[in-house]
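The structure appears below as structure tokens.
The values are calculated or read from the model by the stated rules, or taken from the named source; none is laboratory data. Here the structure is a predicted model, which means the values were calculated and not measured. Cβ sites come from the backbone with ideal geometry, for glycine too, and all protein chains shown count toward neighbours. Only protein heavy atoms, including side chains, enter the accessible area calculation; ligands, DNA and RNA are left aside. Shrake-Rupley method; radii C 1.70, N 1.55, O 1.52, S 1.80 Å.
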Amino acid sequence: VQTCALPICLIAAAQLRPEPAGTPPFETVATATEWQSRSYALQARTDLDGALAAARAATERRPGSGFAWARVAELEFGFGRTAEAEAALDRALALSPRNAQAVALKGFLLAARYRSREAEAEFTRALELDPGLGNAWLGRGLVRIRQGRGAEGRNDLLIAAATEPQRALLRSYLGKAQADAGQGGK
């Protein structure tokens, strides 16, 4: 079976293009990396159940992959299943404690439980690991705004949007925060 080169499959998924010729059918996907790639491709096509199943398959193929467990945690949190997300995230961080995206996800889980100070600390730790991680800037900004520290929070949202300008979600949060503060995007 001929397989799709991983970077080409991921680029196709990000651009919402069809999978390239040679992409193996699901039943022939063999490696954890291929399953993770498939998970992102399915998410890009709004098949979130399929994306989670593919992420879980990656953990079955490679149970020692902190990145695969972080992917499962991300998707479980997206479904609102916080207990499952926390269990997968604990495993991810035990395996890959310096995975900045996983640390940021821990911040979002804490923020969802209104544990703002702890959440802010996790977002700051994620930024120490990867200063270019838009999700960490986003999370810290939202927590700071919730704490009544609007100027600091908006500054974090501005950095998030500048760090990852291709992500409309980050620009949207910044615009909303600025509008709420009466700045109207200025």
When segment 136-167 is checked residue by residue, the ones that are at pLDDT below 95 and in a helix (DSSP H, G or I) are none
Failed item, numbered, when THR33 is tested on (1) surrounded by fewer than 18 Cβ atoms within 10 Å (Cβ to Cβ); (2) within 15 Å of the chain's Cα centre (by Cα); (3) at pLDDT 75 or above: (2)
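Residues checked against (1) surrounded by fewer than 20 Cβ atoms within 10 Å (Cβ to Cβ); (2) under 11 Å from the mean Cα position of the chain (by Cα); (3) polar (S, T, N, Q):
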| site | (1), (2), (3) |
| --- | --- |
| ALA53 | yes, no, no |
| ARG56 | yes, no, no |
| ARG62 | yes, no, no |
| TRP69 | no, no, no |
| LEU75 | no, yes, no |
| ALA88 | no, no, no |
| ALA92 | no, no, no |
| PRO97 | yes, no, no |
| LEU105 | no, yes, no |
Note on ALA55: of the conditions (1) within 22 Å of LEU95 (Cα to Cα); (2) at pLDDT below 95, unmet is (2)
Out of segment 114-164, which residues are open to solvent by less than 60 Å² (accessible area, probe 1.4 Å) and aromatic (Phe, Trp, Tyr)? PHE123, TRP137
Residue that is in contact with a helix residue (DSSP H, G or I) (Cβ under 7 Å, 6 or more places away or on another chain) and not aliphatic (A, V, I, L, M), where the choices are GLY150, GLY66, GLY80: GLY66
Could you count how many residues in segment 170-182 are part of a helix (DSSP H, G or I), of a type in the set (A, V, I, L, M) and either modelled with pLDDT of 95 or more or touching a helix residue (DSSP H, G or I) at 6+ places or on another chain (Cβ under 8 Å) (or both)? 3
Taking the conditions exactly as written (in contact with a helix residue (DSSP H, G or I) (Cβ under 8 Å, 6 or more places away or on another chain), more than 27 Å from ALA57 (Cβ to Cβ) and not aliphatic (A, V, I, L, M)), does GLU122 satisfy them or not? yes
